[in-house]
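Only one structure is covered here, and it is reproduced in the block below.
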Amino acid sequence: MLDREGFRPNVGIILLNAHNEVWWGKRVREHSWQFPQGGIKYGETPEQAMYRELEEEIGLRPEHVKIVGRTRDWLRYEVPDHFIKREIRGHYRGQKQIWFLLRMCARDNDVNLRLTDHPEFDAWRWHDYWVPLDVVIEFKREVYQRALQELSRFLTWPPHGNRHTSRYLRQPHGQRQGGSGGNGSGGNRNQQAAAQIAAPCEEAGLIVPAEK
């Protein structure tokens, strides 16, 4: 389904954890990383397509997330000719996307990359919100930058600029403030900030207990 300009309607998903880190997926048998995304089928709304793609690509259902925000309008990128199938060259130009910012209310082990027979990702991790664009395929980089910039207005950052680099394993809260062991006031402020950020998920009754 293409529009008059040759762009396919599509959705992109930026999924946050309680620390405003984003879900970052490694494409199957490739060295590139990206956010979940997928086409909007005929008759679907962007929100319906987003929930379908969320489950197909990373195994999460609507009750596992809460919508924080979305882009106001379509963001477009063109696909180079050598990535386009020969039979649709001259008609297909690229993707136009609505991007959704979601808060994850589930546990990490609820993610399932093998829900379908044709998985998109073979690994994933949590990463700083401002992901490194040099590992994103080149023609998508500008759209990623625009989506992250527009949706960043919905975020509430923890105090003291407490952000983390990419990592595969979640660190205990007690290790996030150097020297405090999680018992000092710095550790308490960090836990309170994480609780405030995660608060919208409490309405769904799926909030994960804080690590001790």
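The values are calculated or read from the model by the stated rules, or taken from the named source; none is laboratory data. Note that the structure is predicted; figures quoted are calculated from it, not measured. With ideal geometry, Cβ positions are generated from the backbone for all residues, glycine too; neighbour counts draw on all protein chains shown.
Filter the range 34-55 down to the residues that are among the β-branched types (Val, Ile, Thr) and either over 14 Å from residue 70 (Cβ atoms) or buried (at least 19 other Cβ atoms within 10 Å of the Cβ) (or both) and list them by number. Matches in the range 34-55: 40 only. Being farther than 17 Å from residue 105 by Cα, small (Gly, Ala, Ser) and out of contact with any strand residue (DSSP E or B) (no Cβ under 9 Å at 6 or more places or on another chain) is the filter here, so list the residues in the range 42-73 that pass it. 43 - this is the single residue of the range 42-73 that is farther than 17 Å from residue 105 by Cα, small (Gly, Ala, Ser) and out of contact with any strand residue (DSSP E or B) (no Cβ under 9 Å at 6 or more places or on another chain).
Only strands (runs of 3 or more DSSP E) whose full extent lies in the range 4-86 are considered here, and the ones with at least 1 residues that are touching a residue at least 12 places away in the same chain (Cβ under 8 Å) and within 18 Å of residue 118 (Cβ to Cβ) are 7-16, 22-27, 37-39.
When residue 32 is tested against (1) at pLDDT 95 or above; (2) within 17 Å of residue 120 (Cβ to Cβ); (3) of a type outside the set (D, E, K, R), only condition (1) is not met.
Identify the residue in the range 146-170 that is surrounded by 13 or more Cβ atoms within 10 Å (Cβ to Cβ) and modelled with pLDDT under 95 and, among all such residues, is nearest to residue 96 (Cα to Cα). Applying the filter and picking the extreme gives 155. Every condition in (1) crowded, with 16+ Cβ neighbours inside 10 Å; (2) outside any strand (DSSP E or B); (3) among the charged types (D, E, K, R) holds for residue 103 except the one numbered (2). Give me the residue from the range 56-83 that is of a type in the set (Lys, Arg) and under 23 Å from residue 3 (Cβ atoms) and, out of that set, surrounded by the fewest Cβ atoms within 10 Å (Cβ to Cβ). Looking at residues that are of a type in the set (Lys, Arg) and under 23 Å from residue 3 (Cβ atoms), I get 72. Among the residues here, residue 143 does not qualify as surrounded by 19 or more Cβ atoms within 10 Å (Cβ to Cβ) and out of contact with any Gly (no Cβ under 9 Å at 6 or more places or on another chain).
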